[in-house]
Each structure stands twice: as structure tokens, then as C-alpha cells.
1. Kindly establish whether Leu115 is surrounded by 12 or more Cβ atoms within 10 Å (Cβ to Cβ) and either touching a residue at least 24 places away in the same chain (Cβ under 8 Å) or in a helix (DSSP H, G or I) (or both).
2. Go through the range 145-171 and give me each residue that's without any contact (Cβ under 8 Å) to a residue 12 or more places away in the chain, surrounded by 13 or more Cβ atoms within 10 Å (Cβ to Cβ) and either farther than 22 Å from Gln110 by Cα or out of contact with any Lys or Arg (no Cβ under 9 Å at 6 or more places or on another chain) (or both).
3. For the range 67-82, check the following and say yes or no: at least one residue is assigned to a helix (DSSP H, G or I), in contact (Cβ under 8 Å) with a residue 12 or more places away in the chain and either surrounded by 10 or more Cβ atoms within 10 Å (Cβ to Cβ) or in contact with a Leu (Cβ under 8 Å, 6 or more places away or on another chain) (or both).
4. Which of the numbered conditions does Leu118 fail, given that it passes all the others? Conditions: (1) within 29 Å of Asn157 (Cα to Cα); (2) out of contact with any helix residue (DSSP H, G or I) (no Cβ under 7 Å at 6 or more places or on another chain).
Amino acid sequence: MSSDYDPTEFIDGDFQGQKPPNPAAAPGAAFAPRAPTREEVDSKLAEAQQRLAELKRAQEELERERAGLEETRRRQREFQTGRVEMVQNLTRGLGLLEEAEFTVRREAEQMTKTLADLRDALGKIQAVNEETWKRENFNAELTRALTTLENARMEWNAARLKFPAVSGQSPEGAPGGGLPETGVRSLFSAYSFSDWCRLGFAVTWPLATVVALALIVLVVMLARR
């Protein structure tokens with residue numbers, strides 16, 4: 001009997017090959033993912049809510065900025081549209097007023113000339129004195145008087161055609177415009193031509209002042225651009 005002892009004689013190789021591996025000794029066992037804890041979930045939820053609140057604040061800020069830009073664009077469009085409208089209205093108003101002023105000035109000049117002609121004709125008729133006529137020059141004086149009267153009648157008819165008010169008619173041709181003929185004549189005879197001019201200036205100067213102020217405002221607005 002030999003005294004040498006070999007420990008490998010009692011080891012079964014097949015049994016050793018079928019032994020299950022140790023989980024702790026398996027490769028990569030230390031890197032396996034683990035389930036998140038409740039504290040981690042709460043922390044991530046709070047972080048997500050904070051980010052969502054920041055995004056909402058940013059969205060509200062963008063909404064306010066967009067509303068301000070839209071209001072600015074609306075005001076710019078209103079200014080541009082109003083400027084074009086006012087330029088057109090003021091240009092048209094100035095043209096109409098200048099035309100009306102020219103017409104009134106021309107009529108005033110014609111009226112002044114007609115007044116001078118009527119006064120001259122009236123003076124010539126009043127200067128005729130029948131008592132100074134002699135028998136030898138009676139026919140000549142009568143012819144001269146008839147000629148003066150005919151000239152005065154021509155001046156009168158011309159004045160009636162130019163100015164219907166001379167015969168007591170309104171500018172549209174209606175007699176007196178609802179006033180008696182004597183009332184119209186007394187109205188025109190009560191005022192001189194200078195009085196009528198001052199009356200016309202008193203009526204038209206407020207409109208001229210408004211137009212001038214509108215032009216000044218327009219020029220100031222254009223200068224500030």
C-alpha cells in the first residue's frame with residue numbers, strides 16, 4: 001500500500017462541469033441597472049414641473065411681445081392710411097377753396113364794376129333837368145336825355161343778368177327766396193359793397209383757419225418722421 005495521497009483522485013470532473021456559476025462572479029454583474037428610488041422620481045418630477053413653468057413664462061412673454069408688435073403694426077397702418085387720406089382731403093379742399101376764392105374775387109370785381117356803372121348811369125339820369133331846356137334846343141336835349149335813359153336801361157339789364165339779386169331774385173332764379181321784393185331791395189340797399197366784403201370775410205375766415213392749422217399739423221408730423 002502506497003503512502004502517497006493524491007487529492008484529485010476523489011474529484012469528479014463531470015460534476016464540476018455541471019455546477020451552476022456564481023452570480024456574484026458572473027461578468028458584468030456589478031453594472032446591472034437598478035430601479036429608481038422614490039426620492040429620485042420626486043426630484044425628476046419637480047425638475048420637469050419647473051422646466052414646464054419656465055416654458056409657460058417664456059410663452060407668455062412671447063405672447064405679450066407679439067401683441068405689442070401687432071399693436072405697433074396696426075398703429076403704423078392707421079398712421080399711413082390717415083396720412084394718405086388727410087393729404088388727399090387737404091389737397092382737394094385747398095383746390096376747391098382756391099377755385100371758390102378765385103370765383104368770388106372775380107364776381108366781386110365784376111360787382112364793383114357794375115356798381116360803378118349803375119352809379120354813373122343814375123348820376124347821368126339825375127343830372128337831366130328839363131327846366132333848363134330851351135325851345136331852340138328842345139329836340140336835341142330830348143334826344144340826349146333818351147339816349148342817356150337807354151344807356152341806363154342797358155346797364156340795368158346787364159346788371160340783372162349778372163346779379164339776380166339786383167332784381168330781387170335768389171341765385172337759383174326764385175323771386176326773393178321767400179322774402180318780399182321790397183325786403184330784398186332794402187336789405188341790399190342797407191349795406192355797402194365794403195360791408196358785404198367784410199361779412200364774407202367774417203364767414204370764411206374760420207374755415208381758412210382750420211385748413212391752415214391742419215396743414216401745420218401735417219407738416220410737423222412729416223418733419224418728425
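1. Yes: the conditions hold for Leu115.
2. Passing the criteria: Arg160, Pro164, Ser170.
3. Scanning the range 67-82, I find no residue that is assigned to a helix (DSSP H, G or I), in contact (Cβ under 8 Å) with a residue 12 or more places away in the chain and either surrounded by 10 or more Cβ atoms within 10 Å (Cβ to Cβ) or in contact with a Leu (Cβ under 8 Å, 6 or more places away or on another chain) (or both), so the answer is no.
4. If we test Leu118 against (1) within 29 Å of Asn157 (Cα to Cα); (2) out of contact with any helix residue (DSSP H, G or I) (no Cβ under 7 Å at 6 or more places or on another chain), just (2) comes out false.
Read-outs throughout are calculated quantities, based only on the coordinates presented, and are distinct from any laboratory measurement. If you're wondering where the values come from, they're calculated on a predicted model, not measured in any experiment. Every residue, glycine among them, receives a Cβ derived from its backbone with ideal geometry; neighbour counts consider all protein chains shown.
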